[in-house]
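**Q** Take this structure first; my questions come after.
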Amino acid sequence: MHGKDTQLKSFIEWNQDAFSQSDAADIDRNAGHEGTLLRGIPILIKDNIATKDKIANHGRLVCPGSLSEWSGFRDSEAPGGWSARGGQGKNPYNAEAPVCGSSSGPAIAVAANLVTVALGSETEGSILCPASANSVVGFKPTVGLTSRAGVIPISPRQDSVGPITRTVADAVHVLDIIAGTDPRDPATKDADSHKPPHGYKQHLIPGGLTGKRLGILRVSPFFNLTRGPDDVAYNKTYENHFKTIKDKGATLVDNLVIPNIDTITNFTLSGEKLALLAEFKIALNAYLGELTSSPVKSLLELINFNKNNNNELIDEVGQGLLLEAQSTNGLNSTVNEAISNLTKLTQGFEKVLTDNKLDAVLIPGIVEPVYNLFSIGGYPAITVPAGYDPDDWPFGLVFGGLKYTEDKLIEIAYGFEQATLARRAPDVSALLIRKVTDA
């Protein structure tokens, strides 16, 4: 694991007791003691998620500005998959391919089989994008279905924690464990009432596509990509998948258009940037203020920490978004108007699904701006590996629906996965050999 990750850079630290804990779990399991399916299974968690485990830095927030979540929300020019602590993550399929962010570490590690499953978090595309880019399954649940307690926040209105795995089944087994009401996160107060009585695993149906109604969004920036020569391969693969989906019993409603989609996918024009900056400052200050041991206690202290520590690479990466967030002044009338506008923008999406009696919509897991469609309304979505371009750059197919329709999305995603079996493991050894040769 350590040898491979020297090149891939998906890990930052590890639990020093992991092997002894795994051994203890195996002993209990062999003795017939009941436990969860995941007990003793290595799980990588995104570095913005707190853990009580004995990690390599003994639980202290040593470099507060260099976590992947803050790297992605530090400056608009910050490269995807980069953090000051971990460096630049590499795609296990092609070192030159994008890894996306900010849950790129978990996606890379799962794709390269360094861990079985991982947990990521998403405010806007941070699970769906890296999962698609690294040919794994990423599941962003409805905001409020899984707890965000102990997670470094950006927006309580949009933040969601979800699994990143190699298969849909693994993602569902993780979701069954992490979904539910948590008194430490008020947004989850109704989560238990939305969970199926016998768990989500009952929806792992090989014929899950049968009888489903799925909508295809064609208008830019969705399918019928026209950005360059490689889009020919993407378009052909997606069209083949659409045929397979129909052959498996689903009805496709084509050429759908979401009202105001150009505004929705524009981070600034929609008001999303303004809302997130203000929400981030409020939520982060509250989070840092509750920590018992931290070198920073506020966003302003974090900004100053970055300025005073060379390893934060301020000159190279900047912290423009942090500075913009610091300049905000609470949820004032302008911010509240932006949030209200975002709510209005979700109405078109919901109307398209309800008017057409859709179970889900399909979007390409390749173009980053499309994820706003699900993020601004807190909607669930899952991406499944769909294929690879001529240069071995992976891409996925994303299924998204209305709030708390995880059961339908699981049936659709599992049915698609089993019908296509599009994912293949990366040749990480060849990647490492190429890196050594290049050096």
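**Q** How would segment 162-271 be classified by its alpha-carbon gyration tensor: rounded, prolate or oblate, with rounded meaning a/c under 1.5 and the a/b versus b/c comparison settling the rest?
**A** In terms of gyration-tensor shape, oblate.
**Q** Mind jotting down a quarter of the surface of the convex hull over the alpha carbons of segment 329-404, in square nanometres, one decimal?
**A** 7.0 nm²
**Q** Now for a different question. Once you've got the Cα coordinates, tell me which of Lys9/Lys243; Lys281/Lys357; Lys9/Lys307; Lys9/Lys195 are over 30 Å apart.
**A** Going by Cα-Cα distance, Lys9/Lys243; Lys281/Lys357; Lys9/Lys195 fall outside the 30 Å limit.
**Q** Once you sort the root eigenvalues of the Cα gyration tensor of segment 281-391 as a ≥ b ≥ c, which label holds: rounded (a/c under 1.5), prolate (a/b larger than b/c) or oblate (the other case)?
**A** Cα axes put segment 281-391 in the oblate bin.
**Q** How far is it, in nm, from the label point at Arg424 to the one at Ile178 when both lie 7 Å from their Cα along the line to the Cβ?
**A** 3.0 nm
**Q** Still on this structure, please answer the following. By the scheme Lys and Arg +1, Asp and Glu -1, what is the net charge of all other residues having a beta-carbon under 13 Å from that of Ser298?
**A** Net local charge, Ser298 excluded: 0.
**Q** Quick one: length gained pulling Asn224 to Asn356 fully straight, 0.36 nm per residue minus the C-alpha distance?
**A** Gain on extension, Asn224 to Asn356, equals 45.4 nm.
**Q** For the chain, state the average projected area of the convex hull of the C-alpha atoms over all orientations, rounded to one decimal in nm².
**A** Seen from a random direction, the Cα hull of the chain projects 21.1 nm² on average.
**Q** Please give the residues of segment 314-358, grouped as numeric ranges, whose backbone N is less than 16 Å from a label point set 7 Å along the Cα-to-Cβ vector of Asn304.
**A** 323, 326-327
**Q** Cross-link candidates for Lys351: which aspartates and glutamates have Cα within less than 14 Å, leaving aside residues fewer than 8 places away along the same chain?
**A** Output for Lys351: Asp359.
**Q** What does the C-alpha gyration tensor say about the overall shape of segment 75-173? Classify as rounded when a/c is under 1.5, otherwise prolate if a/b is larger than b/c, or oblate.
**A** Verdict is oblate for segment 75-173.
**Q** Around Lys344, what is the net charge, scoring Lys/Arg as +1 and Asp/Glu as -1 over all other residues with Cβ under 13 Å from its Cβ?
**A** -2
**Q** Mind checking the dipole of segment 229-387: about its Cα centre, +1 per Lys or Arg Cβ, -1 per Asp or Glu Cβ, Debye to the nearest 20?
**A** For segment 229-387, the charge dipole is close to 360 debye.
**Q** Give a quick list of trypsin sites (Lys or Arg not before Pro) in segment 167-248 that DSSP marks as loop, anything other than H, G, I, E or B, with at most 16 other Cβ atoms within 10 Å.
**A** Those satisfying the criteria are Arg184, Lys189, Arg218, Arg227.
**Q** So, one more: Please find, in a Gaussian network model of the chain (springs between Cα atoms separated by less than 10 Å), the residue of Thr116, Thr343, Thr383 whose mean-square fluctuation is greatest.
**A** Between Thr116, Thr343, Thr383, it is Thr343 that shows the largest mean-square fluctuation.
**Q** Counting other Cβ atoms within 10 Å, which trypsin sites (Lys or Arg not before Pro) in segment 277-363 have at most 16 and lie in a DSSP loop?
**A** Within segment 277-363, the qualifying trypsin sites (Lys or Arg not before Pro) (loop, at most 16 other Cβ atoms within 10 Å) are Lys297, Lys357.
**Q** What is the fewest-to-most order of Leu300, Leu284, Leu209 by other Cβ atoms lying within 10 Å of their Cβ?
**A** Leu300, Leu284, Leu209
**Q** OK, next. Can you figure out the FRET efficiency of Val232 with Thr292, using R₀ = 35 Å and their beta-carbon distance, to the nearest 0.05?
**A** 0.05
**Q** Report the net charge of residues surrounding Leu274, where surrounding means a beta-carbon distance below 10 angstrom and charges are Lys +1, Arg +1, Asp -1, Glu -1.
**A** Spelling it out: positives minus negatives among the neighbours equals -3.
**Q** May I pose another question? Using 0.36 nm times the number of residues separating Gln21 and Thr334, minus their current alpha carbon distance, what extension gain do you get?
**A** 107.6 nm
**Q** Oh, and also: Mind checking which lysines have their Cα closer than 26 Å to the Cα of Lys236? Skip sequence neighbours fewer than 8 apart in that chain.
**A** Lys212, Lys246, Lys248
Here, each number is a calculation from the coordinates, and none is a lab measurement. Predicted model only: the values in this text are computed from it and were never measured. Ideal geometry is used to build each Cβ from the backbone, glycine not excepted, and the neighbour counts take in all protein chains shown.
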